[in-house]
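Read-outs throughout are calculated quantities, based only on the coordinates presented, and are distinct from any laboratory measurement. What you see is a predicted model, and the numbers here were worked out from it, not measured in a lab. A quick note on method: Cβ atoms are made from the backbone with ideal geometry, for glycine too, and the neighbour counts reach across all protein chains shown.
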Amino acid sequence: MSTDSEGRLHLAIDGPAAAGKSTVALGVAQRVGLTLVDSGSMYRAVALLSLEDDVGTDDRDALLEIARRVAASFRLELRDGETLRVYLGEREGTEDIRAQEGGRRVSPVSEEPGVRTEMVRLQRCLVEGRDAVVEGRDIGTTVLPDAPLKVFLTASDEERAHRRALEMEEKGIRVDRDTVLREISRRDEIDSSRAVSPLRPAADAVPIDTTEKTAADVVDEIIGMLADKGLIN
Ligand code: CDP
């Protein structure tokens with residue numbers, strides 16, 4: 001079995017908003033038995049706390065202090081092997097971090113280099129010594145540059161807006177598709193153009209366009225790649 005430099009199987013899944021990263025990462029984690037790390041939930045936690053503390057997105061020192069607080073208290077728990085729950089110390093933040101208001105400030109907050117340094121350190125710490133799948137924007141380029149398999153998921157703008165709207169409707173939140181499309185496009189724009197670790201595929205990432213594929217298809221495809229590389233049996 002070939003692995004990264006630590007001798008661990010690390011899978012990096014990156015891509016723009018609502019391209020299916022979380023669902024696919026969960027599917028692969030379940031099938032292969034990998035630790036699952038959702039890096040976006042960390043940046044969302046920083047955005048949430050900054051909102052609650054009334055900290056501006058340009059207040060570097062206060063954002064860094066919040067990122068340190070998140071790094072010290074953040075925990076992920078896979079409940080019943082099905083849902084990834086997010087904890088900040090004793091507080092469960094799974095739902096709160098996904099609320100719309102925090103969602104609007106997550107990309108501006110994620111541009112802050114000090115915040116990124118803290119979150120990257122946290123991500124590496126969570127996978128150290130473990131076989132893991134990590135999903136996000138800069139996993140293949142920055143967080144795990146030695147990962148033996150990196151995939152970059154994409155889907156058409158319309159399909160991504162459709163998927164995110166369905167997700168929200170399942171939670172009982174009524175949304176307008178055009179608004180969803182505008183919000184994910186705005187985040188993609190900020191994420192792709194920031195100075196530090198912008199959203200882009202690593203040179204050795206395998207691109208997968210998921211527009212016409214189900215999540216199960218994509219999970220199968222990635223499992224096939226892991227097997228072809230001799231990373232799993
Ligand atoms: O689920 P979705 O793809 O919409 O977003 P997410 O993975 O929860 O990430 C939310 C935001 O966090 C992104 O739009 C980025 O601004 C930021 N993020 C980042 O900067 N770097 C990462 N590795 C992951 C997320």
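Odds and ends about this structure:
- Net charge contributed by nearby residues that have their C-beta within less than 12 Å of V133 (K/R +1, D/E -1): +1
- Inter-part distance where the range 49-69 and the range 7-27 are each reduced to a Cα centre, Å: 27
- Assigned charges on the beta-carbon of Lys, Arg, Asp, Glu; the range 40-130 dipole about Cα centre (debye): 420
- For the range 94-159 versus the range 182-233, the gap between their alpha-carbon centres in whole angstrom: 12
- Of all lysines in the structure, the ones whose alpha carbon falls short of 23 Å from that of K229, not counting any fewer than 8 places away in one chain, are K21, K150, K213.
- The value for the chain of Rg(Cα) / (2.2 N^0.38 Å) is 0.96.
- The residues neighbouring I232, those whose beta-carbon lies less than 11 Å from its own, together hold a net charge of 0 under the Lys/Arg +1, Asp/Glu -1 convention.
- HN-Hα J in Hz across the range 151-165 - Karplus 6.51, -1.76, 1.60, θ = phi - 60°, x for Gly and Pro: 10, 10, 8, 10, 7, 4, 4, 5, 5, 5, 5, 4, 4, 5, 5
- Close amide H partners of G136, meaning residues 5 or more places away or on another chain with modelled amide H under 5 Å apart, are I13, D14, G15.
- Here the range 169-215 is assigned +1 on the Cβ of each Lys and Arg and -1 on the Cβ of each Asp and Glu. Its dipole about the Cα centre then comes out at about 160 debye.
- Backbone amide hydrogens, once placed in the peptide plane, bring L149 within less than 5 Å of H10, A12, excluding anything fewer than 5 places away on its chain.
- Using the rule -39500 (n - 2.57) for each DSSP H run of four or more residues, divided by the residues of the chain, the 222 nm mean residue ellipticity is -15500 deg cm²/dmol.
- Bins of 10 Å, starting at 0 and running to the largest distance - Cα pair percent for the range 40-130: 18, 52, 27, 4
- For H162 and K229, a Förster radius of 35 Å and the Cβ-Cβ distance give a FRET efficiency of 0.60, rounded to the nearest 0.05.
- Simple point charges give the picture: +1 on the Cβ of Lys and Arg, -1 on the Cβ of Asp and Glu, and for the chain a dipole about the Cα centre of about 260 debye.
- Per the Debye formula on identical point scatterers at the alpha carbon atoms of the range 149-192, with no solvent, log10 I(q)/I(0) at q = 0.20, 0.27, 0.34 Å⁻¹ is -0.67, -0.96, -1.16.
- Mean Cβ neighbour count within 10 Å, used as a protection proxy, ranking 53-61, 16-24 highest first: 16-24, 53-61
- The range 82-176: trypsin sites (Lys or Arg not before Pro) falling in loop per DSSP and having at most 13 other Cβ within 10 Å: R130, K171, R174
- Per residue convex hull volume, Cα atoms of the range 118-206, in Å³: 128
- If you plug the beta carbon distance of R85 and R124 into 1/(1 + (r/R0)^6) with R0 = 22 Å, you get a FRET efficiency near 0.55.
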